[in-house]
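Asker: Below are the C-alpha cells for one structure; questions will follow.
The values are calculated or read from the model by the stated rules, or taken from the named source; none is laboratory data. Predicted, not measured: the structure shown is a model, and the values here were computed from it. All Cβ positions, even for glycine, are placed from backbone atoms using ideal geometry, and neighbour counts span all protein chains on display.
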Amino acid sequence: MSIRQRPLTTCLRRLLLGSTVLLCGTHAAWAADPQSSTDTDKPQAADPAKAKLLGNITVTAQSRSQEMQAVPIPLQILTAQQMDTHTATDLSKIDIFIPGLVVSATQPTQPNYQLRGISTSDFGIGTESAVGVYVNGVYAARSGGALLAFNDIQRIEVLKGPQGTLFGRNAAAGAISIITNEPSDRFEGKARVRLGNYGKRYADALLNIPINQDMAFRFSVLDNQSNGWIKDAATGKHYGKDDDWGTRAVLRWNITPDTRVLLSWDHEKLKQPPHPAIGLIPMPGDPSQRPPFPPDPSTYLNPLHAPLFNDAVGAAETRRFDGVTLSLDHSFSWGSLVSTTAWRGFNTFNRGDYDGTNRITSYLDTTNVEHNNSWYQEFKLSGNTGIADWVGGISYYQEQARQTSQTNTYTDSIDTIAQNVMGAGTPLTDISNGLAAMGLPYSLLGDPWHEAISNIGHFKAYAAFGDVIWHINDRFNITTGIRYTRDQKTFSWYNMPRRADQFDATVQALNQAGVIGMLPPDAQAALAAFGNNVIFTDAIGTPVQYKNTWNNLSPRVVVDYKFTPDVMGYASVTKGYKAGGFNSVQVGSRFAPEKVINYEAGVKTLFPEQNLLLNASVYYYRYDNKQSLVLDPNSAGSGVPRYLVNSANQEAKGLEFEALWQPVDALKLNLVGSYIDATYRKAHADSGADLSGQPTGEPRFSFAGGLTYSWHNVLNGNLDFNLSQAYRGRARCNTDSQLQGQCSASPNFRIGTATQRTDARLDWSSAGNRWGAALFVNNLFNRRYVTGIDNISATVFGTPYASITPPRMWGVELRAKF
C-alpha cells in the first residue's frame, strides 16, 4: 500500500456534531478528513440537511494514528483554530484554558511547565523538566528551547499522566506533543496581520508550493512585536515587550510510492527586555540611604499599582534557535519504518533586575548565558497483525550544553551585605568617608562586583521500547508496553574567583601608599574578607566534575472495553521516570532520578442523538524524589541566599472531565475541568519546616468553558462569535509557601488567589475563506493578579519584588488567502 493510499488510521469512525465542526474555546477541534489537517482555515458550517456527526480527530498520542475517543489516555487537543481564537503566540498564552497545565513564561528563555501539580522549577542545564515537550516527535530538552513561538502548527496534544513508555525519559508528569503542518499537494498562500493596543504588531504568512507530483515545499514566517505594557518610572524604558521573529521551511519528497522524506528547518530569534521586577519597599528619599532592614510586610506596596524601578545594566533577554529534522517513512507489506534524525541548537542570554530598586546600595542583577546543541536519532517500526497493533524502536540522544550563572552588583551593595547579614557595619562606606576626610583621592564605593559559576554538561541517553495493543475481541483490548532507558551525564562546575578590578586597584594603591596599615584592625579584616567571593563561596577557583549513569524500566498496562460502539471504559497502571541531575549553582550537588507510578480509570462516551460528548477519568499517583528549586534562607550567612534543590515525595488524587455539546446547528458549547488533592508524603523545607502531609500548593479546582455562535450569509460570508472563560482556584498554602513567595505575605495585596480570564472574538470570513476579519479581546474584564514574590534579595538587602499579570489586550485581525 502506498503512502498516498494508506489512511491515517485504520479504524476512523464518524462520531458526532458535523464533519467540519470546530468547538472553539478550550478543548478539541474536528477535521472533515485527514487532508484537512494541513489546512488551518476556518471550517465551513455543517450542512444542516446532513446528519450531525462529530468528525474524526486523529491523534498520535500512542505513536499510532488513532481517533481521540479510541485512545485510553486522558488528553486534550489544541488546534490551530483554537490558538487563533485566543491569538495565542505560544503555549503560555493559552495554558489557563487547559485545566491542570501551567506554563510560566515571564522569562521565555526560562519557562516552567507544570502538569497535574508536577513541575521542575530549576532552569539550569543540570536538569530537565518533568513535563516532556516534543516537536514532531523530537524531544525539546532545555527550557530555553522548549517554548518557541507557534509557527504553522497543526495541533498540540496534551497528554496527562506518565508517558515514559511511548515518549521516553522526562515525561513523568505528562507530555506535550506539538505537530506542525506538512506540505500538501495543492498551491496555497496565506497572510495575516494583527494590530492592537500597547503597540501590538503581529504578522504571519504561509506559502505551499507543489513542485511536482512527488515533491512539495512549504514556507512560513512570523513577526511578533509590541511596545510593552509597563514603563520604568525613572527611565521611561518599556517592559513586557514582544520582539520575536521566526521562519519554518519543510520539503516533502515521495521518493517512491512507499517511501517519503520530510526535511524541515526551524529558526527563531527573540530579543526583548527581561521580566519587570516590581519592588515592594517604599524607598527612602535620600538616594544614599539604604532600604529598611529587615523588610516590614505591613509596609509593602501593592505591586499592581506600585511604580517600576529596574536598573540592571545591559538588561535583555535574547535567544537564537535553529533546528533541522529529517524524517524518512517507508511502507512494507507488514507495516512501516520511520527514521527521525534531528539537530537542535540555541543560544540564550537573560539579564534582569533582582532587587526591584534603582539604588546602588541594593543593586543586584543576575545573568544566565546558555549555549546548547543536541542530536537525536530514532528508528521506529510499527504494524498490525490482525490480533495486535504494535510499535517498537530504539533511540539515541546526545547533548552538549554550556551555562554561565552570573551575579552582578556594586561595592555599595557588598557594604549593605556586610551590615545586614554579617553584622559588620558599613566598612567600605566608613573607610571611604575617612579617606575623603583626610583629603585622599580614593573611594571604595561605586565599583562593579562580579561573581559567576560556569557549567559544562555532556549528556547521552539510549532507549529501546515496545508497545502492543492486543485485540482480545471486538470490544476488549489490553495494551502492554515497556521502555528501557540508560542515561549518562557528565557535569562540571567552575566557581570563578570574583572580579572587582576597580576595587582591587584601589586597595592595592592604598596598600602601596601605606594607608591600609593605618586603618583600624576591623577595617583591615573587612578588606581582607572582601578579597574573596561573598555570593558563590563553594570551591572557588577549583574545577569540580561528576559523572553519573542511571538505568530505568518504564512499563505500562492498559485495559479498555467498549460497552457500546460509543462508550468505552479503560484502566491503566503506568510508570514514569525523570533522569537524575545536578544543581548548576550548587557546586557538587547531585540528585537521583524522579519516579512516579500512576493509577487511572476513565470513560469516553458519545451520545450521537443528543450531539453530546462526555469524557471523565480519575487517578492517583505517587511521586518519589521530586526535585524543586527553593530559596534557602540559611545560606544568607555567607552572602546572598541561594536557590537550592530540595527533594520531596508527594502524592495526588484527582478527577478530570470534559463535555462537548451542540444543541443546535449554530451553537456549540464546551466545558472541561479538573480536581486535584496534591500533598507531600515526605518533605522537609530548607527553612526547617516539616511539610509532610501538607498541600504542595496546587489548587484543588480548575475549569474552562466556552461557546461559539454562528450566523450564516452575513455579507456573503459567515460570522462567528466566541466567548471563553477560564478559572484556576486559589493556591493551597503550606508552612514554606510565604518564604517561597507563593502565598500572601502582606495585608496590602493578595497572592495565590483564584485567577480568571475571559476571552472574546467576533470573526467574519468570506465565502471560500478568501478574506477574513476579526475583533478580539483577551482578559476582557482586565483582571490583574500578583503571580509571586521573589525573596532572593529580601534577606540581604530588604528588597523583595513581585511579578504581575499583563492587562487586557485587544485588537483587530485581517487575513487573506490566495
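Asker: Looking at the stretch 748-765, can you tell me whether even one residue there is within 22 Å of the chain's Cα centre (by Cα) and more than 29 Å from GLY279 (Cβ to Cβ)?
Answerer: Yes - at least one qualifying residue is present in the stretch 748-765.
Asker: Pairs under 9 Å by beta carbon, first residue under 28 Å from THR259 (Cα atoms) and among the β-branched types (Val, Ile, Thr) in the stretch 329-353, partner outside any strand (DSSP E or B) and at pLDDT below 95, six or more apart or different chains?
Answerer: Within 9 Å, the pairs are VAL338/GLY137; THR340/ASN136; THR340/GLY137.
Asker: Oh, and also: Do any residues in the stretch 281-306 that are among the aromatic types (Phe, Trp, Tyr) have Cβ atoms under 9 Å from those of residues that are exposed (fewer than 14 other Cβ atoms within 10 Å of the Cβ) and in a loop (DSSP other than H, G, I, E, B), where the two are at least six apart or on different chains, and which pairs are they?
Answerer: TYR300/PRO282; TYR300/PRO747
Asker: Ok, one more. Quick one: count up the residues across the stretch 246-260 that are touching a Leu at 6+ places or on another chain (Cβ under 7 Å) and under 25 Å from VAL193 (Cβ atoms).
Answerer: Summing the residues that are touching a Leu at 6+ places or on another chain (Cβ under 7 Å) and under 25 Å from VAL193 (Cβ atoms) in the stretch 246-260 gives 2.
Asker: Turning to a different aspect of this structure: Please verify whether the stretch 274-284 includes one or more residues that are under 25 Å from LEU222 (Cα atoms), part of a strand (DSSP E or B) and either modelled with pLDDT under 95 or touching a Lys or Arg at 6+ places or on another chain (Cβ under 7 Å) (or both).
Answerer: no
Asker: Okay, next question. Take the conditions buried (at least 20 other Cβ atoms within 10 Å of the Cβ), modelled with pLDDT of 95 or more and among the aromatic types (Phe, Trp, Tyr) and apply them to TYR396. Does it pass?
Answerer: no
Asker: Considering only the stretch 500-517, I want to know if a residue exists there that is within 44 Å of the chain's Cα centre (by Cα), at pLDDT 90 or above, buried (at least 18 other Cβ atoms within 10 Å of the Cβ) and under 30 Å from GLN398 (Cβ atoms).
Answerer: Here is the first cut: in the stretch 500-517, the ones within 44 Å of the chain's Cα centre (by Cα) are 500-504.
Still in the running and at pLDDT 90 or above: 500-504.
Now restrict to residues that are buried (at least 18 other Cβ atoms within 10 Å of the Cβ): 500, 503.
Among the residues that remain, those that are also under 30 Å from GLN398 (Cβ atoms) are: none.
Within the stretch 500-517, not a single residue is within 44 Å of the chain's Cα centre (by Cα), at pLDDT 90 or above, buried (at least 18 other Cβ atoms within 10 Å of the Cβ) and under 30 Å from GLN398 (Cβ atoms).
Asker: Just name the residue that is farthest from ALA463 (Cα to Cα) out of those in the stretch 564-576 that are among the hydroxyl-bearing types (Ser, Thr, Tyr) and in contact with an Asp or Glu (Cβ under 7 Å, 6 or more places away or on another chain).
Answerer: Residue satisfying both the conditions and the ranking: TYR570.
Asker: Whether any residue in the stretch 449-456 is of a type in the set (Ser, Thr, Tyr) and under 38 Å from the mean Cα position of the chain (by Cα) is what I want to check.
Answerer: yes
Asker: Further question: Looking only at the stretch 94-129, how many residues end up being over 21 Å from ASN368 (Cα atoms) and either under 9 Å from the mean Cα position of the chain (by Cα) or touching a residue at least 40 places away in the same chain (Cβ under 8 Å) (or both)?
Answerer: Within the stretch 94-129, the first condition is being over 21 Å from ASN368 (Cα atoms), and the residues that meet it are 94-102, 114-118.
Filter once more, so that each one left must be either under 9 Å from the mean Cα position of the chain (by Cα) or touching a residue at least 40 places away in the same chain (Cβ under 8 Å) (or both): 96-102, 114-118.
Qualifying residue count for the region: 12.
Asker: Among the residues of the stretch 700-719, write down those that are of a type outside the set (Ser, Thr, Tyr) and buried (at least 23 other Cβ atoms within 10 Å of the Cβ).
Answerer: ALA704, GLY706
Asker: Test each condition in (1) in contact (Cβ under 8 Å) with a residue 40 or more places away in the chain; (2) under 29 Å from the mean Cα position of the chain (by Cα); (3) more than 18 Å from LEU115 (Cα to Cα) for ASN716 and report the one that comes out false.
Answerer: Of (1) in contact (Cβ under 8 Å) with a residue 40 or more places away in the chain; (2) under 29 Å from the mean Cα position of the chain (by Cα); (3) more than 18 Å from LEU115 (Cα to Cα), only one is false for ASN716: (2).
Asker: For the stretch 434-465, name all the residues that are in contact (Cβ under 8 Å) with a residue 12 or more places away in the chain and in a loop (DSSP other than H, G, I, E, B).
Answerer: Result: LEU440, TYR442, SER443, LEU444, LEU445, GLY446, ASP447.
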